[in-house]
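Heads up: the structure comes next, in structure tokens.
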Amino acid sequence: MTSGRYLCDEMMGGLATLLRAAGHDTRLAAAGMPDGELLALAAREERLLLTRDRALAGRAGVRGLLLRTGRADDQAVELCRARAIDWRLAPFSRCLVDNAPLRAADAHEIAGAPAASRALPGPFRACPACARLYWPGSHVRRMAARLDRLSLRCAEGPHERDATSE
């Protein structure tokens, strides 16, 4: 399984979130970023450019991967058909908003969480870039189940995977 570095074009925001939730270093291109800048960024940061734009993927060559499906979960399965992706690499270790590696939250940060959330066993993590606080609530449980489903879909043979696609 690989833990690559990815660059999602602006149309791949859902896939970027899934990759970040799994612990993969994934940048999301700014809206309207010109193709030349995307290609330069992918090359400079040694990232695989994930796109639905056939022409852009062609220009990226080995630095690009064309994904044909529209839904994030289907894109994730399509990606794991092309690359060995570990959907449980380092769950919830990156900020879902800006991709920064999370750190353990301090007591002051945890005190800012809703009271019901503070009673949870943790871990509580904070983003050093945007100060967003993460805790193991229902969203984390739903996302963990989603990552588990992706792992299972990627482990299935090609015919079973095709049958589960929507």
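The values are calculated or read from the model by the stated rules, or taken from the named source; none is laboratory data. The structure displayed is predicted, hence computed values, not measured ones. No Cβ is skipped: glycine too gets one built from the backbone with ideal geometry, and neighbour counts run over all protein chains shown. The accessibility values were calculated without ligands, DNA or RNA, using every heavy atom of the protein model including side chains. Shrake-Rupley method; radii C 1.70, N 1.55, O 1.52, S 1.80 Å.
Along its principal axes, region 1-66 has C-alpha extents of 28, 22, 19 angstrom, given from the largest down.
If the chain between A43 and R141 were fully stretched, how many nm would it gain, using 0.36 nm times the residue separation less the Cα-Cα distance? The partial results should precede the final answer.
Numbers: separation 98, 0.36 × 98 = 35.28 nm, distance 3.53 nm.
Here the segment from A43 to R141 would lengthen by 31.8 nm.
With each run of n ≥ 4 DSSP H residues scored as -39500 (n - 2.57), what mean residue ellipticity at 222 nm is computed for the chain after dividing by its residue count and rounding to the nearest 500 deg cm²/dmol?
Working: 8 runs with 72 residues, N = 166.
Value at 222 nm, helices only, nearest 500: -12000 deg cm²/dmol.
Note on the chain: with a GNM built from Cα contacts shorter than 10 Å, the maximum mean-square fluctuation among T26, T69, T51 falls on T69. Computed over region 85-129, the convex hull of the alpha-carbon atoms projects to a mean area of 3.8 nm². Go ahead and run the numbers for FRET between L152 and R59, Cβ-Cβ distance against an R0 of 41 Å, rounding to 0.05. Once rounded, the FRET efficiency stands at 0.75.
Per residue, the chain exposes 52 Å² of solvent-accessible protein surface, assessed with a 1.4 angstrom probe and all protein chains in place. Here H108 sits with roughly 150 square angstrom of accessible surface, probe radius 1.4 Å.
Remark: the chain projects, on average over all directions, an area of 10.3 nm² (convex hull of Cα atoms). Our summary gives region 57-118 a relative contact order of 13 percent, counting only alpha carbon pairs under 8 angstrom and 6 or more residues apart. Beta bridges per DSSP, both residues in the chain: antiparallel share near 30 percent. Summing +1 for each Lys or Arg and -1 for each Asp or Glu among the other residues whose beta-carbon sits under 13 angstrom from that of F124 gives +2. Working from Cα positions, state the angle (0 to 90°, nearest 10) between the long axis of helix 13-22 and the longest principal axis of the chain. So the helix axis and the longest Cα principal axis differ by about 60 degrees. Between D53, D106, D73, the Gaussian network model of the chain with springs among Cα atoms under 10 angstrom shows the greatest mean-square fluctuation at D106.
Heavy-atom accessible area with a 1.4 Å probe sorts R103, R141, largest first, into R141, R103.
What percentage of the solvent-accessible surface of the chain, computed with a 1.4 Å probe over protein heavy atoms, is contributed by carbon and sulfur atoms? Ligands and nucleic acids excluded, carbon and sulfur reach 55 percent. For R52, the residues 5 or more places off, or on other chains, whose built amide H falls under 5 Å of its own are L67. Angle, helix 35-44 long axis vs. longest principal axis of the chain, Cα atoms, 0 to 90°, nearest 10? Computed tilt is about 70 degrees.
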